[in-house]
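For reference, the structure is listed below as structure tokens.
The values are calculated or read from the model by the stated rules, or taken from the named source; none is laboratory data. Computed from a predicted model, the values in this text were never measured in an experiment. Here the Cβ is made from the backbone with ideal geometry for all residues, glycine too, and neighbour counts use every protein chain on show.
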């Protein structure tokens, strides 16, 4: 009878696990996300991706990395949402970190809106350069544009998925640190960045090392809501995960109690 109860419990755990996975797939879909960010640390961004500088001149990504670790932010210049807070957070950490952009590392902010051009990029760059307390060389932080083909390439390489909604886009918020040869070293999520984390990401990128983040844990509990233009708590995942955890603990307790009972019976029999 006890074996039957244990078997039923295991079947119930398996059923709930499959249910949670299916619910998760129905929310996020299998394969490439519609909106969100997938960490691709350890993978490489193609260095032949063509981006236009603030003068409208095309250059391969390799030229912008210029042999240095590089911070990449994917934004669009006329964004009414989180792009400005992200760029503001980036400007703030540039002023606070004890590394010099253009010398120790580079920054490129790439518009994923193919309708935006180098004139908008130049205006955005000048606006941010005026707010910086630190005087940066012109190649320290570059604002770039691209055509739809190259935008798709860089977004896919970085696991950054956006969705057009009218004249705007639904998208996540993160910056990525890549090595001089284009290897993705670390993701920093959000719109505010700790100087220590920022410096560590640059150092890891300079050495070609990769670092992990808690993004996968966060993404398990939170999913991107295009209507709210932000991340919201995913009740299905959290509740399902909690139930599974409780069942695993309960199963472990039953197993240990059964094992302890068997040992007592064996001791009595041997005695």
*Subset of the range 127-136 (residues that are out of contact with any strand residue (DSSP E or B) (no Cβ under 9 Å at 6 or more places or on another chain) and not in a loop (DSSP other than H, G, I, E, B))*: 127, 130, 131
*Among the residues of the range 99-113 satisfying the criterion of being touching a strand residue (DSSP E or B) at 6+ places or on another chain (Cβ under 8 Å) and in a loop (DSSP other than H, G, I, E, B), which is farthest from residue 161 (Cα to Cα)?*
99
*Residues of the range 180-196 being touching a helix residue (DSSP H, G or I) at 6+ places or on another chain (Cβ under 6 Å) and part of a loop (DSSP other than H, G, I, E, B), which ones?*
180, 191, 192, 193
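Tell me the residue from 157, 146 that is buried (at least 21 other Cβ atoms within 10 Å of the Cβ) and either farther than 26 Å from residue 189 by Cβ or assigned by TED's automatic domain parsing to the domain that holds residue 71 (or both), please.
Details: 157 fails: buried (at least 21 other Cβ atoms within 10 Å of the Cβ).
Residue meeting the stated conditions: 146.
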*Please verify whether the range 30-40 includes one or more residues that are under 22 Å from the mean Cα position of the chain (by Cα), assigned by TED's automatic domain parsing to the domain that holds residue 150, at pLDDT 50 or above and within 23 Å of residue 117 (Cβ to Cβ).*
no
_Of all residues making up the range 137-166, the number that are closer than 17 Å to residue 70 by Cβ, under 27 Å from the mean Cα position of the chain (by Cα) and in a loop (DSSP other than H, G, I, E, B)_ = 4
_strands (runs of 3 or more DSSP E) enclosed by the range 33-96 - at least 3 residues per element that are surrounded by fewer than 21 Cβ atoms within 10 Å (Cβ to Cβ) and at positive phi_ = none
